[in-house]
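Worksheet for the structure shown next.
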Amino acid sequence: MNGRENRLQKRCPRLGGPVSFRYCRDFPGETLPCGKILECWWEDFDVEAYLKDYLSEEDFSRLLQTQPKGKVSSLLELIQKAQETAETATSEKE
Ligand code: SF4
């Protein structure tokens, strides 16, 4: 981890108060991150790539299995579209 993600915070829709990304990733009492981590953080940074790198392949698959199927695929599509938009914007600046 480069530390940037560690410092990110947001309002948790479940708790109603601010939480750090670290809290969501090292979800207390669980072996996996919070099941809403992709949904909550995809707009802030490439949380999918981060978790693929941070978790074992098996744990990443288990995390995806905790998500409602339709929601995961639509989230992954949104993440992919956002990445494509960012890449297009970056290449247009150059
Ligand atoms: S990932 Fe979970 S703990 Fe973190 S903000 Fe979202 S709902 Fe709250």
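Listed values, structure above:
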{"quantity": "The chain - charge dipole about Cα centre, Lys and Arg +1 at Cβ, Asp and Glu -1, debye rounded to 20", "calculated": "540 debye"}
{"quantity": "Distance between modelled label sites at T88 and D59, nm, 7 Å Cα→Cβ extension", "calculated": "3.6 nm"}
{"quantity": "Mean accessible surface per residue for the chain, computed with a 1.4 Å probe while every protein chain stays in place, in Å²", "calculated": "68 Å²"}
{"quantity": "Calculated FRET efficiency for the pair F45/E77, C-beta based, R₀ 22 Å, to 0.05", "calculated": "0.80"}
{"quantity": "Karplus 3J(HN,Hα) series, Hz, for segment 16-29 with 6.51 cos²θ - 1.76 cosθ + 1.60 (x for Gly, Pro)", "calculated": "x, x, x, 9, 8, 4, 4, 4, 5, 6, 9, 3, x, x"}
{"quantity": "Accessible carbon and sulfur surface of segment 4-93 relative to its total accessible area, %, 1.4 Å", "calculated": "49 percent"}
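The values are calculated or read from the model by the stated rules, or taken from the named source; none is laboratory data. These numbers were taken from a predicted model, which means no experiment stands behind them. Using ideal geometry, Cβ is built from the backbone for each residue, glycine included, and neighbour counts are taken over all protein chains shown. Accessible surface is based on the protein model in full, side chains and every heavy atom, while ligands, DNA and RNA are left aside. Shrake-Rupley method; radii C 1.70, N 1.55, O 1.52, S 1.80 Å.
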